[in-house]
There are 2 protein chains.
Amino acid sequence: MTMDEELLVHYRLRLQPGERADDKARGIALEQTAELPARCVPETLLATHVGQVRSLEPVSDGTFTASIAYAPELAGGETTQLLNLLFGNISMKAGIRITGIDWPASLLEHFRGPAFGIDGLRQLTGVTEKRPLTCTALKPVGADAGELAALTRAFARGGVDIIKDDHGLADQPSAPYLERLQACQQAVTAANRENGCNSLYFPNATAGPADLADRLAAARDAGCAGVLLSPWLSGMDSLRLARDRYGLAVLAHPAMTGSYFADGHGLDPAVMLGDLFRVAGADAVIYPNAGGRFGFSQATCESINHALRRPLGALRGAMPAPGGGMDVRRAAHWIECYGPDTMVLIGGSLYADGDLTAATRALLTTLGR
Amino acid sequence: MTMDEELLVHYRLRLQPGERADDKARGIALEQTAELPARCVPETLLATHVGQVRSLEPVSDGTFTASIAYAPELAGGETTQLLNLLFGNISMKAGIRITGIDWPASLLEHFRGPAFGIDGLRQLTGVTEKRPLTCTALKPVGADAGELAALTRAFARGGVDIIKDDHGLADQPSAPYLERLQACQQAVTAANRENGCNSLYFPNATAGPADLADRLAAARDAGCAGVLLSPWLSGMDSLRLARDRYGLAVLAHPAMTGSYFADGHGLDPAVMLGDLFRVAGADAVIYPNAGGRFGFSQATCESINHALRRPLGALRGAMPAPGGGMDVRRAAHWIECYGPDTMVLIGGSLYADGDLTAATRALLTTLGR
């Protein structure tokens, strides 16, 4: 392997009782590839198909940084195996955290990232001036399709850019997917026509492999420009399917990913929600903003933003969508911190106001429209 | 909601600084359903579509047990939304662990669990006497299809019951899925014919939604009785697809699940690898055995075994498949602990021997065949 053909993964290792740093690093390289002791691996494969420890440095007592290089072909051209290579078996071991990835050109060219990205979402929403995008969520589960359509209309009249299903709206009997899709898409189209606005409705198409394609096709056929997907429920490759087969923009939701963000274990949020979601095809990525109902620090949020927007081969930048309890009154503050290439996701704070249209208009005013 | 219509989820809560137990429990009930403050939820939906805290008991200072009931229809009839309901957003909160689930009959009848289960796997493998099943893995990645077929032949001659792909064998150029599938299935068929044995080959069909159906169809068409799937990579509903559309038995692998098993956070391994994998359709479930390369205790392994085999509506019992560094010399010991309705998964320890056929025969002898 030469350097530009390597997938170089950076880890922080915390030694467990009885562990040695070099054994731990070498153990990861074997566990994630050959899954055999080195003496059982044919000599030729040891050099080509087993991870190579490139560096190992002490940070503090019992803590090390390590970098391991893998042949890109080990990812097999699919994100299922990419994730397995990165963290499949070692998810079951203690004291291993992925802190960064240096992507080889071949994998970036293969996975391709967002089809729309920041610029494409601005074109879809018609927001070409340099203001943040706005997004809100239809809820709660239990409301019927007509009620959700009425909410859609109210938000669209307020001028919000994207109206997404709450990620807990799936195919429940209270508002089955197809019925909700039709009702809400008709509502947003009608409101746009009446008000000269350009809101988009993104239904939650998250589903298993038996149903996913039908839901994506239905969204496209109904005229939706994009969908909401929770990659950790429907599989990371669901993003590619939406992008490649249906031409849909993808807003990705972090449901179920939180367990990887523990201190000293897992994947850095900027690796998971930044690099991986973007590489897999997310045009925008929702994450729990600092100061909301969840525990990310502002520094973590900024590292996700950076991972989504930074130069990365020929990949388009993806738009950060901080949410999870963001207050209308703090929205402008967060945009000052995060910059205008951000999608402000506000749900509860608009619902709390009571008048959704007025609350949405007020939000847009604070954001400079 | 009446009691027999409830999905009752049991949690262990560790209070974080500034948290109150009743707020934390009520917060989970809202977060996982309405995702709105209670005052923003219509009165009628509060009673029907928001989780209801049924109990909250202190365990020790700052630790509580809580039980919350959810309407089964919130799961929307699909495991993607079931997982989201159980742990989607709260995966991003600290100090919440799911310790058990009381399943309503309606969900068990809907999801249906294993099509084969313990008895069905015994029929498929022809092991109707009360001995444990044996399983091994083809590895390492990098070997070509011919080399993997030669390993298959050697293992089959030894009489192992199931020969599965290593879960790191996906569709890499070294041994592309279709080529490997044909070569290994032909090898096992030929060896069975020559030796009068009845080994089965289970290819790793794990893939994203664009490819999964093709891989399952190819496995069925090649004559495989089952497949290996990593539900946390291909999505939990991939098990149902293999079961319902292709009639394949499913051996489920725990890749990527380890991050949910941290102390004080996530899902108990018996809930994830026991209840959830079984309910979703796994006939056998691989987990990292105590004393191997991973960190499960024997008590944890026994709790997974119990969850897989215990009476659960009309669901078939699923077979535990402890692996992850199990030694041939300890196999009989583990079967004494776990009982004969267990599938012993041994890879490295057979490879270390050098003569795969002889090592496999020796394993079977220690297990009483």
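Just to be sure, is residue A:210 in the same structural domain as residue A:251 (by TED's automatic domain parsing) and in contact (Cβ under 8 Å) with a residue 12 or more places away in the chain? Quick ask: steps written out before the conclusion?
Numbers: in the same structural domain as residue A:251 (by TED's automatic domain parsing): yes; in contact (Cβ under 8 Å) with a residue 12 or more places away in the chain: no.
It is false that residue A:210 is in the same structural domain as residue A:251 (by TED's automatic domain parsing) and in contact (Cβ under 8 Å) with a residue 12 or more places away in the chain.
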If you scan the stretch A:33-53, which residues turn out to be within 14 Å of residue A:7 (Cα to Cα) and at the interface with chain B (Cβ under 7 Å from one of its Cβ atoms)?
-> A:33, A:48, A:49
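Rundown of residues vs (1) within 28 Å of residue A:352 (Cα to Cα); (2) of a type outside the set (Gly, Ala, Ser), yes/no style:
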site	(1), (2)
B:29	yes, no
B:35	yes, yes
B:40	yes, yes
B:50	yes, yes
B:55	no, no
B:62	no, no
B:65	no, yes
B:74	yes, yes
B:82	yes, yes
With respect to residue B:258, determine if the residue is within 22 Å of residue B:295 (Cβ to Cβ) and within 10 Å of another protein chain (Cβ to nearest Cβ).
-> yes
How many residues of the stretch A:312-325 are crowded, with 23+ Cβ neighbours inside 10 Å and more than 20 Å from residue A:272 (Cα to Cα)? The answer is 0
If you check residue A:130 against the conditions, is it surrounded by 22 or more Cβ atoms within 10 Å (Cβ to Cβ), among the basic types (Lys, Arg) and not assigned by TED's automatic domain parsing to the domain that holds residue A:69?
-> no
Of a type outside the set (A, V, I, L, M), at positive phi and either surrounded by 24 or more Cβ atoms within 10 Å (Cβ to Cβ) or without any contact (Cβ under 8 Å) to a residue 12 or more places away in the chain (or both), is that true of residue B:142?
-> yes
Residue list for the stretch A:282-304, restricted to those being without any contact (Cβ under 8 Å) to a residue 40 or more places away in the chain, buried (at least 24 other Cβ atoms within 10 Å of the Cβ) and more than 14 Å from every other protein chain (Cβ to nearest Cβ) | none
Run residue A:108 past the list (1) within 12 Å of chain B (Cβ to nearest Cβ); (2) in a helix (DSSP H, G or I) and report the number of the one that doesn't hold.
-> (1)
When residue B:84 is run through (1) touching an Asp or Glu at 6+ places or on another chain (Cβ under 8 Å); (2) surrounded by 24 or more Cβ atoms within 10 Å (Cβ to Cβ), the failure sits at (1)
Checked the stretch A:319-352 for anything free of Cβ contacts under 8 Å to residues at least 12 places away in the same chain and either out of contact with any Cys (no Cβ under 8 Å at 6 or more places or on another chain) or part of a loop (DSSP other than H, G, I, E, B) (or both); matches are A:333, A:336
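Go over the candidates A:332, A:290 one by one and state the one that is among the small types (Gly, Ala, Ser) and either out of contact with any Leu (no Cβ under 9 Å at 6 or more places or on another chain) or closer than 18 Å to residue A:259 by Cα (or both).
Only one candidate passes the filter, namely A:290.
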For residues in the stretch B:261-281 being touching a helix residue (DSSP H, G or I) at 6+ places or on another chain (Cβ under 6 Å) and outside any helix (DSSP H, G or I), which is farthest from the other protein chains (Cβ to nearest Cβ)?
-> B:281
What is the number of the single condition among (1) small (Gly, Ala, Ser); (2) surrounded by 18 or more Cβ atoms within 10 Å (Cβ to Cβ); (3) within 30 Å of residue A:24 (Cβ to Cβ) that residue B:354 does not meet?
-> (2)
In the stretch A:307-317, is there at least one residue being more than 21 Å from residue A:87 (Cβ to Cβ), assigned to a helix (DSSP H, G or I) and assigned by TED's automatic domain parsing to the domain that holds residue A:240?
-> yes
Using the structure shown, decide if residue B:368 is more than 14 Å from chain A (Cβ to nearest Cβ), in contact (Cβ under 8 Å) with a residue 60 or more places away in the chain, more than 19 Å from residue B:120 (Cα to Cα) and assigned to a loop (DSSP other than H, G, I, E, B).
-> yes
From (1) surrounded by fewer than 24 Cβ atoms within 10 Å (Cβ to Cβ); (2) in contact with a strand residue (DSSP E or B) (Cβ under 6 Å, 6 or more places away or on another chain); (3) over 24 Å from residue B:234 (Cβ atoms); (4) aliphatic (A, V, I, L, M), pick out the condition that doesn't hold for residue B:160.
-> (1)
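Which residues, taken from the stretch B:216-256, are in a loop (DSSP other than H, G, I, E, B), farther than 18 Å from residue A:237 by Cβ and under 14 Å from the mean Cα position of the chain (by Cα)?
B:254
Among the residues of the stretch B:76-105, what is the count of those that are assigned to a helix (DSSP H, G or I) and of a type outside the set (Phe, Trp, Tyr)?
Step one: filter the stretch B:76-105 for residues assigned to a helix (DSSP H, G or I), giving B:79-88, B:90-92, B:105.
Checking the rest, the ones that are also of a type outside the set (Phe, Trp, Tyr) come to B:79-86, B:88, B:90-92, B:105.
The number of residues fulfilling the criteria is 13.
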In the stretch A:187-215, what count of residues is obtained for those that are out of contact with any Phe, Trp or Tyr (no Cβ under 9 Å at 6 or more places or on another chain), more than 14 Å from chain B (Cβ to nearest Cβ) and part of a helix (DSSP H, G or I)?
-> 5
If you take the residues of the stretch B:156-186 that are over 19 Å from residue B:222 (Cα atoms) and not in a loop (DSSP other than H, G, I, E, B), which of them is nearest to the other protein chains (Cβ to nearest Cβ)?
-> B:158
Is it the case that residue B:73 is outside any helix (DSSP H, G or I), within 22 Å of residue A:233 (Cα to Cα) and not basic (Lys, Arg)?
-> no
Select, from A:46, A:56, the only residue that is assigned by TED's automatic domain parsing to the domain that holds residue A:83, surrounded by fewer than 19 Cβ atoms within 10 Å (Cβ to Cβ) and part of a helix (DSSP H, G or I).
-> A:46
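Based on what the data block shows, is residue B:150 within 14 Å of chain A (Cβ to nearest Cβ), surrounded by fewer than 19 Cβ atoms within 10 Å (Cβ to Cβ) and under 30 Å from residue A:246 (Cα atoms)?
No: the conditions fail for residue B:150.
Residue-by-condition table, conditions (1) in contact (Cβ under 8 Å) with a residue 12 or more places away in the chain; (2) away from chain B (no Cβ under 14 Å):
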residue	(1), (2)
A:55	yes, yes
A:61	no, yes
A:68	yes, yes
A:73	no, no
A:80	yes, no
A:83	yes, no
A:88	yes, no
Is one or more of the residues making up the stretch B:28-38 surrounded by fewer than 19 Cβ atoms within 10 Å (Cβ to Cβ), within 18 Å of residue A:351 (Cβ to Cβ) and at pLDDT below 95?
-> yes
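The values are calculated or read from the model by the stated rules, or taken from the named source; none is laboratory data. Owing to the predicted nature of the structure, the values given are computational and were not obtained by experimental measurement. Cβ sites come from the backbone with ideal geometry, for glycine too, and all protein chains shown count toward neighbours.
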